[in-house]
Amino acid sequence: MIGLNDDELLAAMRPDLRNVVRSLANRPGARMTPLEMIEFNCEHAKRFMAGDFEGIMNHSLIDEPVYEFYPSRIRVSGKEAVHRYHQLNYNIVIAQVDPKRRVTPAEESVTYTRTFGENSYGTEVSGLFRLGDGDYQRCFFNAVIPFQDGKMVGERVWKDQKLSDFFVSALEADGSFFDLPGVQRF
C-alpha cells in the first residue's frame, strides 16, 4: 500500500503529468486511516445486518447523510429518508449478502478491489443475487464511502443494470418511499 498523502503523491509525480490531475478535496475533521475506515464500515455493516437502524443513524452516519445510486440516479438525503432506505434495503439486497440470511454460498461473493483516498473508501464487489422470482445471477456493484468527522457521509453506489433494476423496482413497490422528503430522482 502506498502510504503517501495527496500532496506527497502529486510532488512525486513526473512534472509533466502533475497538471493532469487535481488535488483531492479536503473534508472537515481529522483524516482516517484505511484501517479505521474499513473497520468503521464493517461495524456499520454489522449494524445493518442486525437490523439496527437506530444504531446506524446514531453511530454510523453524519447528521445529514446522503446516499446516491447509479445508474438509477436516485438520491436519498437526510435522516428520515436514509433511515427508511435502510429499512427497505434490509430486505432487498442485504438479505442476500448477510451471512446469516443468505442462501448462496459466501464463496460466490468476490471483492475485487479496495481503495482508499483522503477520508474515502471504495470497493468493487460481485455476488449471486436472486432477482425477483428468477434464477440467481451474478451482479456487480461499486461503492464509494466518504467519511467526515469520523463518520460515514453516506455512499455512492454503482450497480450493474440487472441489480439496479431489481433494487429500484423493490423501492417503488413500497408505494411511499419516493414521496419522502429527501428522496429524489435526478
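Assess whether ASP133 counts as being modelled with pLDDT under 95 and either over 17 Å from the mean Cα position of the chain (by Cα) or among the charged types (D, E, K, R) (or both). Yes: the conditions hold for ASP133. The residues in the range 1-50 that are over 27 Å from TYR85 (Cβ atoms), touching a residue at least 40 places away in the same chain (Cβ under 8 Å) and not aliphatic (A, V, I, L, M) can be counted, and the count is 4. Condition check: under 18 Å from ILE145 (Cα atoms), free of Cβ contacts under 8 Å to residues at least 60 places away in the same chain and not small (Gly, Ala, Ser). Does GLU54 satisfy that? So GLU54 fails the test. Could you please find all residues in the range 29-51 being in contact with an Asp or Glu (Cβ under 6 Å, 6 or more places away or on another chain) and farther than 17 Å from THR111 by Cβ? Scanning the range 29-51 gives a single hit, GLY29. Within the set VAL183, VAL144, VAL153, VAL157, the sole residue that is among the β-branched types (Val, Ile, Thr), touching a helix residue (DSSP H, G or I) at 6+ places or on another chain (Cβ under 8 Å), under 25 Å from TYR121 (Cα atoms) and modelled with pLDDT of 95 or more turns out to be VAL183.
Scanning the range 81-110 for residues that are modelled with pLDDT under 85, among the basic types (Lys, Arg) and in contact with a Phe, Trp or Tyr (Cβ under 8 Å, 6 or more places away or on another chain) yields a count of 0.
Do we have any residue at all in the range 87-99 that's of a type outside the set (Val, Ile, Thr) and under 24 Å from LEU35 (Cα atoms)? Taking every residue of the range 87-99 in turn, at least one turns out to be of a type outside the set (Val, Ile, Thr) and under 24 Å from LEU35 (Cα atoms).
The values are calculated or read from the model by the stated rules, or taken from the named source; none is laboratory data. Predicted, not measured: the structure shown is a model, and the values here were computed from it. No Cβ is skipped: glycine too gets one built from the backbone with ideal geometry, and neighbour counts run over all protein chains shown.
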